[in-house]
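A short reminder: the numbers here are calculations on the coordinates, not readings from a lab. If you're wondering where the values come from, they're calculated on a predicted model, not measured in any experiment. Here the Cβ is made from the backbone with ideal geometry for all residues, glycine too, and neighbour counts use every protein chain on show.
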Amino acid sequence: MPTPSPIVPSGVPHQIAELLQTLIRFDTTNPPGNERDCLSYIHRLLTEAGCDAQLVGRSPERPNLIARLQGQGDAPPLLLQGHVDVVPADPREWQHPPFEGRIVDGYVWGRGALDMKGGIAMMLTAFLRAKAEALPLPGDVILALVSDEERGGEYGARYLVESQGRLFQGVHYAIGEFGGFSFPLGNRRFYPIMVPDKQICVLRATVRAHGEHGAFTGKDGAMAQLARVLLQLEKHRMPVHVTPAARRMLLAIASNLPFPQGNPVPATPEPAPGRPDSQAAGQPAQDI
Ligand SMILES: [Zn+2]
């Protein structure tokens, strides 16, 4: 039996947890972001390991890192993408300081541990490992670590799409931020794979009423009507839209559970009446 290769070859940070701790210690709270130091650190790790990596951006303070491993040309490039900025954290609300990356009871604590410096530590380690082991890759692997994901992506994804699209030519598949975390159900543990993200559903309401003078007590004005609309929205449960991916996931989970948890009937709720499935979130605004 061949000896399994070490999980962390030389040139790769000693432990993934240590790498994650280091990444958390760069305070990349967005706003303002200040992603430069964090990405420069990653850039140094990559270039010291002999990887082809560059920093590109609209502003030197908010760059994006693109690295590429050459494959054999038998498959389209695979994109690994992540963001290094994090949402704000108020230390008073935290059990452990959010930017120290402490390990407590076997867990790394810190802002970004989940969203998504943990994911970056994994992607980066896999990327460095593929380089260190000269892994024969069917296609190129591109690592794209961006700034400014939490506030619109002006300096990150938008900049890359608008100004650096050639770097991603031919990409068919990407692994990005994940929203599915392992969870126990029955006596099994499930590892969901996130395929889409939540969408927003924009409604535009126009309320019409007679104008009133501020000195008079008008009834049923536009604001009062709008209040009723908001109360109705608050009171009603929105319809359930079961997408094909969600249906497949629920059936797969059900088929791996014993009766009665595995009964697929509760696992496949039908959409509530009133709105067909095709009018799910992500559609343009509609007047009501
Ligand atoms: Zn995120």
Choice from 238, 223, 116 showing the highest fluctuation, given a GNM over the chain with Cα pairs closer than 10 Å: 223
Antiparallel bridges, percent of DSSP beta bridges restricted to the chain (to nearest 5): 55
Theoretical gain in end-to-end length, residue 93 to residue 225 [0.36 nm per residue, Cα-Cα removed]: 43.7 nm
GNM result for the chain, Cα springs below 10 Å: residue of 259, 99, 127 fluctuating most strongly: 259
Of 112, 170, 82, the one that fluctuates the most in a GNM where the chain has Cα springs shorter than 10 Å: 170
Mean-position separation - Cα centroids, the stretch 75-105 and the stretch 37-54, in angstrom: 19
Zone residues, the stretch 194-208, relative to residue 181, backbone N less than 16 Å from point 7 Å out along Cα-to-Cβ: 194
